[in-house]
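The values are calculated or read from the model by the stated rules, or taken from the named source; none is laboratory data. Only a predicted model underlies this, so the values are computations on that prediction, with no experimental measurement involved. Glycine gets a Cβ as well: all are built from the backbone with ideal geometry, and neighbour counts include every protein chain shown.
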Amino acid sequence: MTEIIYPPAEKTLQVQTPRGAVHLLGPVRSERLQQLTFAEGLRNFRPANRQKEALVKIAALPEGMIYAALHGETVIGYVTFHRPNKYSRWSKHPRVLEVGTIEVAPEWRQFKIAKKLLELAFDNPALDDCIVITIEFCWHWDLEQARMNVWQYQKMLTRLFGSVGMQKIPTDDPTITEHPANVLMAKFGKNVSPADLQLFAELQFEKKISELPACCRSSAAGRQGCS
């Protein structure tokens, strides 16, 4: 994949909330992340200090990007971008970039921080050359804190990612079809070539059409130009 070209400086945006000013910025370099404190509430995936270590590593990758929301010098939310896992079928595509995680500390979630982080990130012209995907696995969702069931949470996430132009994409990827609430979404950058779009379509369905469940056959046929 072509290396992402960082802007000359971090792009920033200030948001006023009842809890105080929040500064959104990115892409944040690994050196800057190391200087910041992570809110204790950022523990949906692992303890906050370990999540900080993971984000520092992502930011140091050639195609890695971190956008962060800061209250003072404390990270209260973030979204990550990186290449898909090397064992994933999506890693076979040179133009695919994955939204790895998005998280906001619980006490800040009512202020649309996640939506504003995505808007800032997708304003980066580097993403015009990419197919950006997100794979949302229901076992990572904070249902108890959100007071939602799995379908309500899925609807909330698809609305969130849809706000920046991502759309649900059908697939037979077994890691996604393992649970019906899991969802694949994608946004196709305006500079992505027809050949790269075709390759992505081929990765969506690796089984033969005759082997797919009936609900997926029409989608697969349409992607392959079949009648």
Check on Trp151, free of Cβ contacts under 8 Å to residues at least 40 places away in the same chain and either in contact with a helix residue (DSSP H, G or I) (Cβ under 9 Å, 6 or more places away or on another chain) or aliphatic (A, V, I, L, M) (or both): no
Residue match in the stretch 214-227 (condition: surrounded by 17 or more Cβ atoms within 10 Å (Cβ to Cβ) and at pLDDT 70 or above): no
Which listed residue is out of contact with any Asp or Glu (no Cβ under 6 Å at 6 or more places or on another chain), crowded, with 22+ Cβ neighbours inside 10 Å and in a helix (DSSP H, G or I), from Leu117, Leu97: Leu117
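Every residue, every condition in (1) under 22 Å from Glu136 (Cα atoms); (2) modelled with pLDDT under 95, yes or no:
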{"residue": "Arg32", "(1), (2)": "no, yes"}
{"residue": "Phe45", "(1), (2)": "yes, yes"}
{"residue": "Glu63", "(1), (2)": "yes, yes"}
{"residue": "Ala68", "(1), (2)": "yes, no"}
{"residue": "Val75", "(1), (2)": "no, no"}
{"residue": "Arg89", "(1), (2)": "yes, no"}
{"residue": "Val96", "(1), (2)": "yes, no"}
{"residue": "Arg109", "(1), (2)": "yes, yes"}
Qualifying residue in the stretch 145-168 (condition: surrounded by 15 or more Cβ atoms within 10 Å (Cβ to Cβ), of a type outside the set (Ser, Thr, Tyr) and in a strand (DSSP E or B)): no
Pick from the stretch 29-60, criterion in a loop (DSSP other than H, G, I, E, B) and under 16 Å from the mean Cα position of the chain (by Cα), ranking: surrounded by the most Cβ atoms within 10 Å (Cβ to Cβ): Asn44
Inter-residue pairs, beta-carbon under 9 Å, first in contact (Cβ under 8 Å) with a residue 40 or more places away in the chain and in the stretch 37-49, second in a strand (DSSP E or B) and of a type in the set (Ser, Thr, Tyr), 6+ apart: Ala39/Thr74; Leu42/Tyr78; Asn44/Thr101; Phe45/Thr101
